[in-house]
Amino acid sequence: MRQIILDTETTGLDPNQGHRVIEVAAVEMVNRRLTGNHLHRYVNPDRDIDAGAMQVHGITPEFLQDKPRFADIAQEFVDFIQGAELIIHNAPFDVGFLNMELRLLDMAPLPTWCDGVTDTLAMAKALRPGQRNNLDALCKHYGVDNAARTLHGALLDCELLAAVYLALTRGQESLSIGLEARSAGVAQAAARARPSPILLPASAAEQAAHADLLEAIARESQGTCLWSAGPEAV
């Protein structure tokens, strides 16, 4: 199973107001193990960045001046996520921005390229109702070291989210293992409970009747019965 942990940083909060993606990171996980394969790109948005957004991620317009536009990385991005399940914290935010970037390039929306999107924020809210479920709070709850996270950064956040996602879904993995063990135990118990077959030998009268029947068949077939011709005829 191939999954991609994904995160973006943006110029603001609303793509419908012209805000753009300025950083995208995607970290590959196969069968619940990080492969070390990842995609990380900064993007020149060709617009200003809101002051509030800069306080969150620390990325400035000056830093992005020599970076590629989203059009330059779009194909590389969709190729990387092709066919994978996307794991995103607060997925509607990132999906909305990425869909807008793809729409501006007349490219198909995100669900066309991936095999579904899982929102870890929605998962955390279901497991921890009424509690803080941002990434920092979840790192603290699950014992994930986030000391290096002084500012939001897409690549670091992906790596932290991967650890949080594994912790969030560890119960499902245990449940699966438990069900497999229970099924194996039921099968073993059924095998032990199965009664041994009872062998009933034919009586002398039944054996005589059977011999008479074979003799009658041999007469009717004029000696062409295979069992009466010996094993070399078979």
**OP:** Consider T120 carefully, then state whether it is surrounded by fewer than 17 Cβ atoms within 10 Å (Cβ to Cβ) and modelled with pLDDT of 95 or more.
**Re:** no
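So is G130 touching a residue at least 60 places away in the same chain (Cβ under 8 Å) and small (G, A, S) or not?
no
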Just one listed residue, out of L110, L86, L98, L64, is in contact with a Cys (Cβ under 7 Å, 6 or more places away or on another chain) and buried (at least 18 other Cβ atoms within 10 Å of the Cβ), and it is L86
Considering only strands (runs of 3 or more DSSP E) wholly within segment 1-67, the ones with at least 1 residues that are among the basic types (K, R) are 2-10, 33-42
So, L102, is that one of a type in the set (A, V, I, L, M, F, W, C) and part of a helix (DSSP H, G or I) or not?
yes
Next on the checklist: Is it the case, given these coordinates, that A154 is closer than 20 Å to V21 by Cα and assigned by TED's automatic domain parsing to the domain that holds M54?
Outcome noted: yes
If you go through T60, T112, the only one that is under 29 Å from the mean Cα position of the chain (by Cα), at pLDDT 95 or above and not aromatic (F, W, Y) is T112
Listed by first then second residue, the pairs whose first member lies in segment 68-82 and is part of a loop (DSSP other than H, G, I, E, B), whose partner is crowded, with 18+ Cβ neighbours inside 10 Å and aliphatic (A, V, I, L, M), with beta carbons under 9 Å and at least 6 positions apart or on separate chains, are P68/V43; R69/V43
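The values are calculated or read from the model by the stated rules, or taken from the named source; none is laboratory data. All of these numbers come straight from a predicted model, not from anything done at the bench. Every residue, glycine among them, receives a Cβ derived from its backbone with ideal geometry; neighbour counts consider all protein chains shown.
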